[in-house]
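Please treat every number below as a calculation from the coordinates, not as lab data. All values reported here derive from a predicted model rather than from experimental measurement. Using ideal geometry, Cβ is built from the backbone for each residue, glycine included, and neighbour counts are taken over all protein chains shown.
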């Protein structure tokens with residue numbers, strides 16, 4: 001067997017046994033332990049509960065400090081912890097809720113507590129804004145409930161828990177007092193908050209801040225829209241905001257890129273981090289109180305010293321065609337989307353004739369695995385993804401040549417293998433501060449000037465090269481035998497097409513995200529295929545549909561407040577559907 | 001280019017030579033053809049006959065340089081087609097229809113134009129002269145009114161005629177055809193045969209690999225292969241001896 005086939009298998013074989021063994025050890029050791037075992041979802045909750053539980057219980061968080069709950073992958077070891085605990089407590093929002101539901105199903109409902117039920121009942125938090133703990137006094141109001149659930153599994157401990165709760169209550173009031181005093185240092189007109197998510201709402205209400213805006217409203221979602229981003233930028237400029245804050249949990253996400261780009265556009269500073277769900281012992285934030293003090297100090301320091309913003313719009317216009325492009329970042333995002341989709345649809349047109357349409361999928365997943373590996377070894381994401389993409393392209397074509405398996409089978413095998421490698425690596429490490437979903441949905445509102453430059457240069461290079469070899473490529477994809485017989489260097493063309501596919505996909509992947517990339521390779525060529533009789537016509541229509549959809553997608557994103565890349569693809573799919581419908585009626589005549 | 005070819009023949013060299021050629025696709029497998037030797041001259045029409053799997057396609061591919069022989073020598077106009085890509089351009093190769101990807105946004109006209117590929121400029125633009133050549137070829141195979149139908153809209157016979165027309169616009173020195181009469185209608189068969197006979201009279205070599213053939217009137221020579229060469233000679237001598245009377249039509 002070839003090393004290119006062996007390597008993924010070897011990686012799988014190495015990676016799989018570790019979580020399983022670890023799970024076995026955890027099971028064996030927890031049997032002999034003393035006292036109550038309480039498992040919670042996030043570190044900040046673990047710290048609060050452990051203050052009440054004291055010596056009588058051991059409280060652990062499933063998600064470790066420094067890791068985003070969105071990237072957490074469940075391992076057998078953690079499943080064992082959830083199953084064996086005496087009590088499982090979760091809040092009940094976004095991806096954190098998924099863990100709660102999982103616990104409920106494996107524990108058959110016994111000893112599982114969803115805090116949002118009681119929080120909503122008491123008017124302390126909602127599903128859209130569950131972050132009740134950023135206001136210490138809201139914690140005070142649920143202490144009796146927490147004492148209740150602990151006492152239910154450990155009735156003898158009630159007195160002890162009540163005493164601890166009373167002590168915690170006092171500490172929280174002192175914390176509240178301290179925050180009030182510290183916040184005085186911020187000029188009143190500067191008590192303005194801009195964050196990635198709406199995480200500081202209850203803090204703002206308690207301490208007299210105004211939440212000017214955030215990139216995405218609901219926990220668990222990650223698709224910014226052109227409308228929400230432009231709207232946030234407008235609000236920043238109108239309210240004279242001087243600083244935007246980044247949550248620690250968003251440190252490695254696309255949403256962080258979005259807020260950095262907005263801030264650059266507005267000429268304001270971004271400051272990190274505000275700790276919300278996670279703690280960061282390595283940065284001196286090991287407890288809930290330390291977290292609140294660190295957040296408050298950050299606000300005081302940044303907001304009292306910040307300079308006035310120097311941000312500006314490109315022009316003032318409410319003409320509906322121009323309005324979305326008042327800011328640089330929208331122009332950049334739109335250009336990146338147009339160029340990336342044009343390159344994808346051009347290369348995709350040849351791939352579709354060759355029967356490689358689904359190849360894009362395998363390549364993109366390969367790139368994903370490369371990205372995860374690059375993250376762990378600290379290499380460039382782009383190069384990691386590109387190397388893995390080329391690796392997938394070569395292994396698919398070499399397996400196809402060696403075996404008699406059909407290309408679709410080989411592609412599917414490669415694609416699930418690469419996806420599994422990503423998941424195994426992520427679960428082995430307990431998650432990452434990069435969120436895979438964020439890379440999958442890289443967004444046109446988060447295109448930095450460097451990203452724009454790279455996308456433009458590479459997309460234009462791909463387009464120029466493809467057009468230059470287009471006529472040879474066309475003969476090759478239509479009739480490889482005659483191409484070879486006519487003296488065309490088919491081996492070179494084969495690998496050129498593979499290389500172009502990898503380069504185009506990986507470039508687009510980082511600029512416009514995974515789904516729009518794969519779709520742009522297939523959907524515009526598919527629609528053009530139905531609508532064309534001639535090769536030149538096919539290629540021109542394919543690229544025109546892609547460019548038209550990209551522009552329409554941006555307008556839809558702005559005016560309908562939806563995601564730009566996905567809407568662009570829906571426009572292409574709409575053209576495809578219309579073409580199919582027109583074709584049908586043609587045959588019926 | 002044609003002048004060069006004539007020169008090679010004038011000096012007594014045959015157009016194609018196979019000398020003890022053995023081709024094996026995989027090391028463990030028996031060879032597809034073994035010890036094959038023959039010579040072909042310009043102005044000849046030769047039928048490469050034999051059962052399915054007997055090595056006819058392999059011989060054609062070796063002559064075009066798509067397959068490298070394990071041993072033996074292949075010469076086309078005195079050159080090795082595996083290494084000399086230029087000599088391949090003098091060959092009008094007509095593959096089996098099944099090797100063609102008909103699910104492409106391509107009209108019959110575009111398919112025939114591909115024969116002019118080495119001369120194509122721009123993306124796919126043809127010169128005036130090229131357009132005339134394509135028009136003429138399409139007319140010769142009787143498909144002028146079908147020129148702008150998509151490949152998927154053509155019948156098997158029309159596709160076969162289109163492939164011949166594509167070879168014709170290459171203005172080759174020799175034609176190699178892989179089962180051109182496989183499951184096509186009688187009209188298409190006679191149009192193709194007519195064109196090939198015309199080309200033969202213009203001094204071109206025509207080599208047809210076919211396991212079934214109706215009209216052998218124009219064939220000068222038959223080479224019968226079943227892994228090895230079983231017989232070769234004039235059709236009326238060779239075919240009765242092999243006990244394949246079905247092949248002698250008319």
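Over the C-alpha trace of chain B, radius of gyration and Dmax come out as 17.9, 55 angstrom. Peptide packing for A:294-304, A:386-396 was compared via the average number of neighbouring C-beta atoms within 10 Å per residue; ordered from the highest value, the list is A:386-396, A:294-304. Taking every C-alpha pair closer than 8 Å and separated by at least 6 residues, the mean separation divided by the residue count of the stretch A:367-416 gives a relative contact order of 28 percent. Here r is the Cβ-Cβ distance between residue B:234 and residue B:82 and R0 is 35 Å; the resulting FRET efficiency, rounded to 0.05, is 0.65. The helix-based estimate of mean residue ellipticity at 222 nm for chain A, built from -39,500 (n - 2.57) per DSSP H run of four or more residues and divided by its residue count, is -21500 deg cm²/dmol to the nearest 500. Each peptide among A:331-337, B:82-88 gets the average number of other Cβ atoms lying within 10 Å of its residues, and from highest to lowest they stand as A:331-337, B:82-88. Bridges between two residues of chain B, per DSSP, are antiparallel at a rate of about 50%. Which residues does a label at residue A:320 reach in the stretch A:532-566, if reach means a backbone N under 12 Å from a point 7 Å past the Cα toward the Cβ? Only A:556, A:559-560 fall inside the zone, counting backbone N under 12 Å. Quick check: residue separation of residue B:144 and residue B:29 times 0.36 nm, minus the Cα distance between them. What number comes out in nm? Length gained between residue B:144 and residue B:29: 36.8 nm. Mean residue ellipticity at 222 nm, helices only, chain B: -9000 deg cm²/dmol; runs of at least 4 DSSP H residues each add -39,500 (n - 2.57), and the sum is divided by the number of residues.
Label positions at residue A:328 and residue A:561, each projected 7 Å from the Cα along the C-beta direction, are separated by 2.8 nm.
Placing dummy labels 7 Å off each Cα toward the beta-carbon, the span from residue B:70 to residue B:197 is 4.2 nm.
At an R0 of 22 angstrom, the distance between the Cβ atoms of residue A:121 and residue A:158 translates into a FRET efficiency of 0.50.
Counting only alpha carbon atoms, the long axis of helix A:359-377 and the longest principal axis of chain A meet at about 40°. GNM on chain B, alpha-carbon springs under 10 angstrom: the most fluctuating residue among B:15, B:167, B:218 is B:218.
Summary of the geometry: the stretch A:272-296 and the stretch A:119-198, compared by the centres of their Cα atoms, lie 15 Å apart.
Counting, for every residue in B:93-106, the Cβ atoms of other protein chains within 10 Å of its Cβ and taking the mean gives 5. By DSSP, the beta bridges lying fully in the stretch B:166-245 are antiparallel in about 50 percent of cases. Multiplying the residue separation of residue B:220 and residue B:153 by 0.36 nm and subtracting their alpha-carbon distance yields 20.5 nm.
How tilted is helix A:381-402 with respect to the longest principal axis of chain A? Cα atoms for both, answer in degrees (0 to 90, nearest 10). Computed tilt is about 50 degrees. When each of the peptides B:26-33, A:505-512 is scored by how many other beta carbons lie within 10 Å of its residues on average, the order from highest to lowest is A:505-512, B:26-33. A Förster distance of 22 Å, applied to the separation of the beta-carbon atoms of residue A:205 and residue A:269, puts the FRET efficiency at 0.35.
Each residue in A:78, A:154 was given a count of other beta-carbon atoms within 10 angstrom of its own, and listing them fewest first yields A:154, A:78. Peptide B:109-115 has a mean of 4 when you count, residue by residue, the C-beta atoms of other protein chains within 10 Å of its C-beta. Residues considered: B:140, B:48, B:100. Largest GNM mean-square fluctuation over chain B, using C-alpha springs under 10 Å, is found at B:100. Between residue A:377 and residue A:297, the contour length at 0.36 nm per residue exceeds the alpha carbon distance by 25.4 nm. Helix A:226-239 axis versus longest C-alpha principal axis of chain A: approximately 50°, rounded to the nearest ten. The modelled label-to-label distance between residue A:400 and residue A:448, using points 7 Å beyond Cα along the C-beta direction, is 3.6 nm. Return the percentage of antiparallel bridges among DSSP beta bridges fully within the protein assembly as shown, rounded to the nearest 5 %. Of all bridge pairs located within the protein assembly as shown, approximately 35 percent are antiparallel. Report, in whole Å, the centroid distance computed from the Cα atoms of the stretch A:524-589 and the stretch A:386-405. If you average the Cα positions of each part, the centres end up 30 Å apart.
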